[in-house]
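**Student:** The structure is given below, and queries will be raised subsequently.
The values are calculated or read from the model by the stated rules, or taken from the named source; none is laboratory data. Since this is a predicted model, take the numbers as computed values, not measurements. Here the Cβ positions follow ideal geometry from the backbone for every residue, glycine too, while neighbour counts run over all protein chains shown.
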Amino acid sequence: MEEKNSFLKEKIDLKSPNKNIVPITTSIGSDGILSVGGCSIEELVKKYDSPLYILDEITLRKSCKAYKEALEKHYPGKSLPIYASKANSSIFMSNLISSEGFGLDAVSEGELLTALQGGVPNEKIVFHGNNKSDKEIEFAVINNIKVIVDNDYDLERLEKLSNSFNRDLEIMIRFTPGIECHTHEYIRTGSFDSKFGFGIEYLSTLFARISNTKHLKLKGLHAHIGSQIFELDPHNDLGEIMVDVILEAKKFGHVINKLNVGGGLGIKYTENDDPPSIEDWVKTISNSVVKSCKKHNIDLPLLMCEPGRSIVSTAGITIYKIGAFKKIPGVRTYLSVDGGMSDNPRPITYQSNYSACLVSNPFNKDSKNKYTIAGKHCESGDVLFKEIELADCKTGDLICVFGTGAYNNSMSSNYNRIPRPAALLVCNGEAEIIQKRESPSDLLKYDVLPDRFIKQN
Ligand code: LLP
């Protein structure tokens with residue numbers, strides 16, 4: 001019997017989960033069935049139904065520890081890793097990363113509230129965004145959450161707030177360092193043509209402008225150059241550029257003691273991907289900052305970084321149940337599952353590729369069929385896999401898609417009024433709900449029929 005799906009046989013990298021396709025605790029029982037976190041996936045679906053998001057606690061914690069340990073090794077005593085909560089925001093995730101000593105990056109009132117509810121200390125939260133509302137800015141300032149100033153509009157409002165409270169306000173600014181890296185156009189943010197941050201050419205004017213405010217104290221710089229990046233050179237360059245900007249700010253009397261270098265480290269979605277390890281990424285950026293600071297004889301700033309995907313993606317899987325088949329002779333066979341673009345919009349948005357297997361035949365024994373895995377949404381482009389080799393399978397069988405922990409749940413929608421899946425945490429044979437399954441009636445909660453229409457009927 002021929003066995004495929006060699007990715008399930010690859011040696012697991014225990015130090016850097018982003019280099020694996022599957023969660024660290026993935027195993028195949030004597031019955032040939034896939035399990036994660038010591039839980040049989042078939043049993044989980046029997047109890048919790050499908051589609052199902054599952055997060056593996058051990059993989060999550062390993063990823064956090066990899067960042068913490070690498071920072072301690074390459075930038076001892078002066079770092080703060082911050083989880084980019086847009087990757088997967090929940091009270092649970094906020095709580096977990098906080099228990100690992102991480103701070104959190106939020107970009108909306110919703111993400112801020114989630115972080116606070118999850119127990120992230122206010123002083124470890126940073127607030128980003130290119131169009132913060134007045135309410136959001138005020139909320140952040142009142143709650144001692146650090147605001148990353150993205151544009152003049154932010155600056156004006158922070159100046160007014162600090163004057164009205166008559167107290168000093170520490171700020172960080174975001175700038176675009178003009179670094180190009182090879183990633184999808186939509187997730188590239190560090191180049192000149194970006195909606196985020198101040199252009200690097202504008203910084204002198206900005207520094208002069210901040211010096212003229214009464215209460216704004218510029219203490220930090222932020223830049224984020226993009227996401228799912230496999231190269232290390234852009235982050236090496238970023239470290240140097242940021243130290244140069246510290247020197248420029250100094251000319252205007254600003255003493256920058258915090259550098260936030262953003263996130264961006266890629267993960268392995270398929271066998272073709274080979275991202276650097278978490279340690280190599282941290283080492284590159286740390287060495288670059290240390291070297292530049294030494295060269296210019298300045299004190300090392302607090303080093304902050306904001307990983308999202310590389311913390312949570314590999315820890316996550318999604319389980320779907322197979323429904324309908326449609327064979328178009330000589331063209332392809334569609335296999336439809338009970339989820340799709342509403343729980344994972346990445347394939348239709350970025351043409352992203354994933355790895356998957358059948359839960360009851362993970363090694364794909366005797367695989368001979370190529371399928372197109374379609375979602376259930378009323379849209380032709382709702383396709384999760386264009387062509388995937390799978391063993392014989394039938395309606396009711398389960399499919400596991402790997403690497404879905406980041407930017408799936410957080411980017412999910414209710415398109416076609418399809419409820420969001422439940423999310424589970426698995427660890428040592430136990431499974432716990434971290435997000436309840438939505439029901440179709442939950443989705444009606446915010447609909448309102450104006451009185452006049454009720455009377456008419
Ligand atoms: N910091 C900032 C300011 C960011 O904008 C981002 C991601 C991160 C940190 C975290 O980057 P990561 O470590 O996750 O690469 N929806 C896209 C990804 C968008 C990333 C947005 N910003 C996707 O599904 O690929």
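**Student:** Output the number of residues of region 298-337 satisfying the condition of being closer than 29 Å to ALA249 by Cβ and either modelled with pLDDT under 95 or away from the ligand (no atom under 16 Å from the Cβ) (or both). Give the derivation first.
**Tutor:** Of all residues in region 298-337, those closer than 29 Å to ALA249 by Cβ come to 298-308.
Add one more test, that the residue is either modelled with pLDDT under 95 or away from the ligand (no atom under 16 Å from the Cβ) (or both), and what stays is 298-302.
Residues meeting the conditions: 5.
**Student:** Taking the residues in region 407-457 that are among the polar types (S, T, N, Q) and surrounded by fewer than 17 Cβ atoms within 10 Å (Cβ to Cβ) as candidates, determine which candidate is nearest to LEU55 (Cα to Cα). Lay out the reasoning, then the answer.
**Tutor:** From region 407-457, those among the polar types (S, T, N, Q) are 408-410, 412-414, 416, 428, 435, 439, 441, 456-457; that's our starting set.
In the following step, the residues that additionally are surrounded by fewer than 17 Cβ atoms within 10 Å (Cβ to Cβ) were identified as 413-414, 416, 428, 439, 441, 456-457.
Numbers: SER413: 19, ASN414: 21, ASN416: 26, ASN428: 12, SER439: 21, SER441: 26, GLN456: 49, ASN457: 47 Å.
In this case the residue turns out to be ASN428.
**Student:** If we only count strands (runs of 3 or more DSSP E) wholly inside region 25-123, which ones have 1 or more residues that are buried (at least 19 other Cβ atoms within 10 Å of the Cβ) and within 16 Å of the ligand (Cβ to nearest atom)?
**Tutor:** Working: elements: 34-36, 52-56, 79-84, 103-106.
Because the criterion is at least 1 residues that are buried (at least 19 other Cβ atoms within 10 Å of the Cβ) and within 16 Å of the ligand (Cβ to nearest atom), the strands (runs of 3 or more DSSP E) in region 25-123 that meet it are 52-56, 79-84, 103-106.
**Student:** Take the residues of region 356-379 that are part of a loop (DSSP other than H, G, I, E, B) and under 22 Å from SER413 (Cα atoms): which is nearest to the chain's Cα centre (by Cα)?
**Tutor:** GLY375
**Student:** Please list, ordered by residue number, the helices (runs of 4 or more DSSP H) wholly in region 266-350 having 3 or more residues that are over 25 Å from the mean Cα position of the chain (by Cα). Talk me through it step by step, then tell me what you get.
**Tutor:** Numbers: elements: 278-295, 309-312, 346-350.
Result: 278-295.
**Student:** Between SER79, SER30, which is outside the structural domain of PHE196 (by TED's automatic domain parsing), over 20 Å from ILE317 (Cβ atoms) and out of contact with any Ser or Thr (no Cβ under 6 Å at 6 or more places or on another chain)? First the steps, then the outcome.
**Tutor:** Values: SER79 fails: outside the structural domain of PHE196 (by TED's automatic domain parsing).
Selected residue: SER30, the only one of SER79, SER30 that is outside the structural domain of PHE196 (by TED's automatic domain parsing), over 20 Å from ILE317 (Cβ atoms) and out of contact with any Ser or Thr (no Cβ under 6 Å at 6 or more places or on another chain).
**Student:** What pairs can you find where one residue is in region 223-248 and free of Cβ contacts under 8 Å to residues at least 24 places away in the same chain, the other is crowded, with 24+ Cβ neighbours inside 10 Å, and their Cβ atoms are less than 6 Å apart, with a gap of 6+ or different chains?
**Tutor:** none
**Student:** Sticking with this one: Scan region 207-247 for residues that are assigned to a helix (DSSP H, G or I) and out of contact with any helix residue (DSSP H, G or I) (no Cβ under 6 Å at 6 or more places or on another chain) and report the count. Don't jump to the end; show me each part of the working.
**Tutor:** Keep residues of region 207-247 that are assigned to a helix (DSSP H, G or I), which gives 207-211, 233-247.
Now narrow it down to the ones that are out of contact with any helix residue (DSSP H, G or I) (no Cβ under 6 Å at 6 or more places or on another chain): 208-211, 233-234, 237-238, 241-242, 244-247.
Counting residues in region 207-247 that are assigned to a helix (DSSP H, G or I) and out of contact with any helix residue (DSSP H, G or I) (no Cβ under 6 Å at 6 or more places or on another chain) gives 14.
**Student:** Where residues in region 218-246 are closer than 16 Å to ILE278 by Cα and among the aliphatic types (A, V, I, L, M), which of them is nearest to the ligand (Cβ to nearest atom)?
**Tutor:** Filtering first and then ranking leaves ILE229.
**Student:** Report, ordered by the first and then the second residue, all pairs with beta carbons closer than 9 Å, sequence separation of six or more or different chains, a first member in region 129-146 that is among the acidic types (Asp, Glu), and a second member that is assigned to a helix (DSSP H, G or I).
**Tutor:** Within 9 Å, the pairs are ASP134/ARG157; GLU136/GLU109; GLU136/LEU112; GLU138/ARG157; GLU138/LEU161.
**Student:** Look through region 258-277, keep the residues that are polar (S, T, N, Q) and surrounded by 15 or more Cβ atoms within 10 Å (Cβ to Cβ), and return whichever of them is farthest from the ligand (Cβ to nearest atom). Write out each step before concluding.
**Tutor:** Filtering region 258-277 for residues polar (S, T, N, Q) gives 260, 270, 272, 277.
Checking the rest, the ones that are also surrounded by 15 or more Cβ atoms within 10 Å (Cβ to Cβ) come to 260, 277.
On the way: ASN260: 8, SER277: 14 Å.
Checking each candidate, the answer is SER277.
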